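Notes follow the structure.
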Amino acid sequence: MIVELNIKDFAIIDNIKINFDKGFNVLTGETGAGKSIIVEGISMILGQRASKEMVRTGKEKALLEGVFYLENPEKINYILEEYGIDSDDNNYLVITREIYSSGRTISRINGRNVTLNMLNNVTSNLVEIHGQHQHQSLLKVDNHIKIIDSFGDSNFKKLTDEVKSMYEDLQIEKKKLKELSLNVIEREREIDLLKYQLNEIDSSNIGRIDEEEIIREYNKLNNVKEIAYNLGQAYNLLNNEDYDSMSIINGINKCIIWLNSIMNYDDTLKNFATSLESINFELQDLSTSIINYLEDLVIDEERLQYLEEQIDTINKLKKKYGNTIEDIIKYRNSIENKLNILLNNEKAIEESEKRIAHLENKLEKLCSQLTEERKKISSRIEHLISKELEDLNMSNATFKVNFEKNDVFTVKGWDKIEFLISTNKGEELKPLSKIVSGGEMSRIMLAFKNILATYDNIPSLIFDEIDAGISGRTAQIVGEKIKSISKNHQVICVTHLPQIAALGDNHFLIEKMDKSGKTQIHVKKLKYEERVDEISRLIAGVNLTETTKQHAREMLEMSKKLIV
């Protein structure tokens with residue numbers, strides 16, 4: 001449940017802190033006081049997409065923070081562990097959103113930066129918000145099958161997963177058949193292209209080419225003159241002498257003679273002589289190797305041209321088929337496989353058609369089974385919704401889940417489900433969108449939520465002015481229904497109705513004030529007499545009288561005696 005909410009510099013909110021409790025939390029205030037902005041702030045914490053327009057004018061960023069207490073932390077902690085986020089030993093969870101005026105946003109869970117998708121995966125198990133837009137989602141026929149499926153147990157979920165998996169396999173096989181069933185001209189054109197590409201790659205013998213070795217040999221042959229010149233220079237310096245200079249080897253020989261004449265005077269001098277003799281032998285060997293290399297060095301123009309052609313072929317193939325020889329070979333194998341399929345087209349089509357028939361047969365059985373399970377769920381829901389609507393002062397309403405069969409399979413099977421209702425005796429069943437008023441829709445949505453609350457295990461529910469369009473005894477009944485939900489869930493409810501406000505366990509007043517020329521929102525948890533004044537305002541408007549105050553006290557006292 002939400003235990004603390006902190007919002008700073010968000011919309012017209014300067015800085016507020018609200019401590020929510022278990023049970024039924026009520027938010028009231030004048031129209032435009034900022035109640036829905038607080039709900040919007042909670043939506044941001046839960047992962048709704050944000051925009052820079054939400055940052056308070058003149059501020060760099062908006063900061064929103066929610067502190068949650070996890071009464072059953074196992075599921076949330078499992079998700080946190082998957083994301084590498086530390087859980088709290090005391091079962092608290094802290095979610096922070098920062099929305100910058102530049103448009104950048106930062107989301108954190110327990111101090112760890114997370115993506116919006118990660119945030120939503122966590123918060124979907126914490127809080128559900130229900131407002132006027134949920135009424136619209138109930139009117140969308142595509143959502144009706146989702147609602148029915150949400151009542152299914154683990155076996156039902158397994159069945160829907162099987163249908164989805166089988167449907168996806170069927171779509172893959174149909175796509176494969178479509179590719180196989182290209183018209184004759186397209187097929188022949190594709191075969192010709194693949195044969196040309198295969199021949200181009202195979203004729204190059206690229207699989208037997210050592211690219212590095214070819215490049216090394218090419219670099220040698222292409223630079224023979226430079227190699228010969230520089231080696232000749234090195235050899236001359238080591239061996240040849242002219243009238244004004246001495247070769248390196250002869251110079252070392254002289255050094256050896258000089259050292260030999262004095263080496264008996266000191267062992268160190270003997271070591272010098274020995275080292276020079278060793279160097280001399282190595283230089284002579286090196287000189288011999290150089291002259292041998294030079295004698296073998298020839299300019300082979302034919303070989304050089306061959307290497308150039310090989311390198312050119314490799315580069316051309318790389319441009320067409322891959323960045324490396326390995327990529328080219330991999331591509332070659334793939335087109336060979338594709339060519340074989342096309343050349344054996346008729347057999348492949350026949351086999352694909354058999355697989356499709358097999359998949360459709362299996363999917364048909366699964367869909368039939370899924371329909372039966374959905375009808376069982378729907379029968380139970382029809383009974384439960386009718387009971388809820390009767391409790392919500394719609395005793396003459398008849399609710400029905402209508403089934404039709406789609407002409408084709410879908411990822412959800414072949415069912416087309418639509419909710420039908422008749423709100424008065426003698427009227428025929430019609431789609432929700434054709435018949436339901438705003439007040440009736442509020443009660444139908446509440447009926448669904450009251451039933452779903454038993455199944456979804458979401459600890460906190462927020463109702464944002466779902467009481468629109470109702471009053472009097474119906475308002476009292478709706479309030480009692482929300483009160484009933486709050487026995488097993490934390491409920492936060494924004495309302496304008498005194499009947500609902502009086503049933504709250506905790507009552508918060510939202511006020512809009514002008515301070516230093518700026519509009520600010522103030523939140524106050526009301527004590528008993530303050531609740532009397534606020535409920536009186538909800539009853540009578542601006543002018544509070546002793547009569548309305550007495551009525552407010554009576555409503556508060558009656559709420560204490562209410563058994564739900």
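The values are calculated or read from the model by the stated rules, or taken from the named source; none is laboratory data. Being a predicted model, the structure only gives us computed values, none of them experimental. Positions of Cβ are backbone-derived with ideal geometry, glycine not excepted, and every protein chain shown enters the neighbour counts.
Taking segment 369-480 and the strands (runs of 3 or more DSSP E) fully enclosed by it, the elements with 2 or more residues that are buried (at least 21 other Cβ atoms within 10 Å of the Cβ), of a type in the set (V, I, T) and touching an Asp or Glu at 6+ places or on another chain (Cβ under 9 Å) are at 413-422.
Every listed requirement among (1) assigned to a helix (DSSP H, G or I); (2) farther than 24 Å from D169 by Cα is met by A357 save one, (2).
If we scan segment 151-161, do we find a residue that is of a type in the set (D, E, K, R), loosely packed, with under 15 Cβ neighbours inside 10 Å and either modelled with pLDDT under 90 or in contact with a Ser or Thr (Cβ under 9 Å, 6 or more places away or on another chain) (or both)? Yes, segment 151-161 contains a residue that is of a type in the set (D, E, K, R), loosely packed, with under 15 Cβ neighbours inside 10 Å and either modelled with pLDDT under 90 or in contact with a Ser or Thr (Cβ under 9 Å, 6 or more places away or on another chain) (or both). All of I492, I482, I510 fail the test of being touching a helix residue (DSSP H, G or I) at 6+ places or on another chain (Cβ under 9 Å) and either farther than 15 Å from S36 by Cα or at pLDDT below 90 (or both), apart from I482.
Within this structure, D300 fails the test of being free of Cβ contacts under 8 Å to residues at least 12 places away in the same chain and not hydrophobic (A, V, I, L, M, F, W, C).
Applying the criterion of being outside any loop (DSSP other than H, G, I, E, B) and either of a type in the set (A, V, I, L, M) or in contact with a helix residue (DSSP H, G or I) (Cβ under 9 Å, 6 or more places away or on another chain) (or both) to the residues of segment 68-81, the residue that is surrounded by the fewest Cβ atoms within 10 Å (Cβ to Cβ) is I79.
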